[in-house]
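Reading through the structure tokens given below for one structure.
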Amino acid sequence: MKRILLHLLLAAAAFAPAAAAAHEPQTETEVRNVILMIGDGMGLAQTGALMIDSGYAPLSFDRAQHIALVKTYSANNRVTDSAAAATAMGTGCKTENGRIGIAPDGSRPANLTELAEAAGLSTALVVTSHLADATPSGFAAHTLERYTSDEITAAYADAGIDILAGGGRAYFEASLDGRNIVEELRAKGYRFAETPEEFCAADELPLLGLFAPEYMPTADKRGEEYLAAATAHTLDLLSRREAGFFAMIEGSQIDIACHNNDTEVMLAEMRDFNRAVHTAFDFADTHPGTLVVVVADHETGGLTMVSNDRDFTATESGIDFRYSTTSHSGIPVVLYAYGTGSEHFRGTMQNTDIFRKIKELLIDRLSL
Ligand SMILES: [Zn+2]
């Protein structure tokens with residue numbers, strides 16, 4: 001009887017699709033690694049545009065085990081900017097647009113990389129724009145004004161973050177009071193990579209990768225493989241350490257493409273980000289205790305998709321991508337959660353809940 005059962009199981013396994021077997025959710029309940037992936041400006045319409053562009057082939061977002069809606073408004077505006085949104089997700093504090101890591105009352109709440117470092121965890125920030133930009137800064141710096149790149153890069157000198165990757169070399173080399181933060185970090189033992197290829201070949205931590213003087217080129221020019229490759233290498237390096245980790249990985253220039261109302265560049269950025277999310281979900285499959293949270297800081301462009309023909313009872317007449325603004329919109333965004341602890345992310349949430357839940361699941365358990 002046992003032998004018959006075994007044969008049946010083996011037969012069933014032979015017919016099971018390989019992808020399904022690789023994507024089995026895990027059962028372990030303790031979160032030891034968190035990968036927060038932010039698609040800057042990635043509203044539901046941007047994800048929908050990628051679905052249409054892909055011919056409705058399965059996307060990384062379709063693998064999400066739990067989904068939530070996130071309210072993005074800031075302390076002083078129903079339409080947030082990336083600085084206030086990064087502060088909300090990075091520190092759990094809704095603040096005024098333009099502020100990085102500083103509350104409306106002027107206090108400086110600790111951010112997730114500071115808390116993770118203090119708890120003995122490894123940390124990483126990987127972006128496709130530059131590291132002095134608002135989103136990564138919300139996880140590393142405290143400044144009243146988001147465009148103070150010298151203050152922000154000076155904060156990286158002392159942050160102790162194990163992996164930093166993106167553009168912004170000029171900002172690091174001309175920091176506060178004439179400081180060169182690249183040289184300071186090298187003196188502290190950081191390996192320095194000047195290209196994504198050098199970054200992906202680097203074998204030791206801590207690691208600083210600065211691949212452009214300011215912004216990295218957009219995905220239509222830099223290629224659509226950078227973020228997935230940088231994500232894979234970052235997760236590989238972090239997982240070699242005994243301690244768990246917190247990593248923030250940003251598809252930064254979805255936002256910039258949508259500010260420009262440029263659908264082709266937006267889709268190139270979305271394809272790059274989609275591959276990176278697949279990479280993170282695959283890592284969670286093979287590393288129990290890994291939680292992946294994918295979310296946007298806000299929607300950009302007020303993008304919608306309408307039928308080309310007003311008579312939508314007629315046959316398909318093509319889709320027209322229409323933008324209603326060259327700025328951000330106040331529409332709530334979608335959060336996609338995967339892996340251990342993903343069940344904590346569902347329903348309707350505040351953007352500050354992302355900080356609170358990650359802190360509870362990843363960091364507070366270490367002090368119990
Ligand atoms: Zn923006």
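Annotation: V334 carries an accessible surface of approximately 20 Å², with a 1.4 Å probe and no ligand, DNA or RNA atoms counted.
The fraction of accessible area contributed by carbon and sulfur in the stretch 140-182 is 48 percent, rounded to a whole number (1.4 Å probe; ligands and nucleic acids excluded). Taking the average, over residues, of other Cβ atoms within 10 Å as the packing measure, peptides 283-290, 150-157, 192-199 rank 150-157, 283-290, 192-199 from highest down.
Distance from the C-alpha centroid of the stretch 153-220 to that of the stretch 51-71: 32 Å, rounded to the whole angstrom.
Per-residue Karplus couplings for the stretch 258-272, computed as 6.51 cos²θ - 1.76 cosθ + 1.60 with θ equal to phi - 60°, are listed in order as 6, 4, 8, 6, 10, 5, 5, 5, 4, 5, 4, 5, 5, 5, 4 Hz, Gly and Pro entered as x. Taking amide H positions as modeled 1.01 Å from N, with prolines and chain starts lacking one, the residues under 5 Å from E96 and 5 or more places away or on another chain are A75. Taking the DSSP beta bridges with both ends in the chain, the antiparallel portion is around 30 percent. Which FRET efficiency, nearest 0.05, do S317 and R346 yield, Cβ-Cβ r, R0 35 Å? My answer for the efficiency is 0.45. Taking each DSSP H run with n ≥ 4 as -39500 (n - 2.57) and averaging over every residue of the chain yields -10500 deg cm²/dmol at 222 nm.
Shown in residue order for the stretch 190-195 are the 3J(HN,Hα) couplings computed by the Karplus curve 6.51 cos²θ - 1.76 cosθ + 1.60 at θ = phi - 60°: 5, 6, 10, 10, 9, 9 Hz (x for Gly and Pro).
Take every Cα pair under 8 Å whose residues are at least 6 apart in sequence, average their separation, divide by the length of the chain, and the relative contact order is 29 percent.
Among 33-46, 210-223, the peptide with the highest mean count of other Cβ atoms within 10 Å heads the list, and the full ranking is 33-46, 210-223.
Within the stretch 184-217, which residues have the backbone N less than 19 Å from the label spot 7 Å out from E173 along Cα→beta-carbon, could you tell me? Residues 184-188, 190-199, 208-217 qualify, since their backbone N sits under 19 Å from the label point. Taking every protein chain into account, the accessible area of the chain amounts to 42 square angstrom per residue (probe 1.4 Å). Between the C-alpha center of the stretch 253-278 and that of the stretch 315-339 there is a gap of 12 Å. 3J(HN,Hα) couplings calculated from phi for the stretch 346-363 with the Karplus curve 6.51 cos²θ - 1.76 cosθ + 1.60 (θ = phi - 60°) are, in sequence order, 7, x, 9, 10, 8, 4, 5, 5, 4, 4, 4, 5, 5, 4, 4, 6, 9, 9 Hz; Gly and Pro show x.
Full extension of the chain between D62 and L44 yields a length gain of 5.2 nm, computed as 0.36 nm times the residue separation minus the alpha carbon distance. Note on the chain: percent of Cα-Cα distances in each 10 Å bin, starting at 0 and stopping at the bin with the largest distance, equals 5, 25, 34, 23, 8, 4, 1, 0. Between S54 and S367, the modelled label-to-label distance comes to 3.9 nm, taking each label 7 Å out from Cα in the direction of the beta carbon. Multiplying the residue separation of S107 and D309 by 0.36 nm and subtracting their alpha-carbon distance yields 67.4 nm. How high is the FRET efficiency between E264 and E194 when r is their beta carbon distance and R₀ equals 35 Å, given to the nearest 0.05? So, using R0 = 35 Å, E works out to roughly 0.75.
Only loop residues by DSSP count here, and only those with at most 14 other Cβ atoms within 10 Å; note down the trypsin sites (Lys or Arg not before Pro) in the stretch 155-213 that meet that. Passing sites in the stretch 155-213 are K188.
Ordered by packing density, taken as the mean number of other Cβ atoms within 10 Å over each peptide's residues, highest first, how do 80-86, 350-356, 105-111 rank?
The packing order, highest mean first, is 80-86, 350-356, 105-111.
The values are calculated or read from the model by the stated rules, or taken from the named source; none is laboratory data. Predicted, not measured: the structure shown is a model, and the values here were computed from it. Methodologically, a virtual Cβ is constructed for each residue, glycine included, from the backbone with ideal geometry; neighbour enumeration extends over all protein chains shown. Heads up: the accessible areas ignore ligands, DNA and RNA and are worked out on the full protein's heavy atoms, side chains in. Shrake-Rupley method; radii C 1.70, N 1.55, O 1.52, S 1.80 Å.
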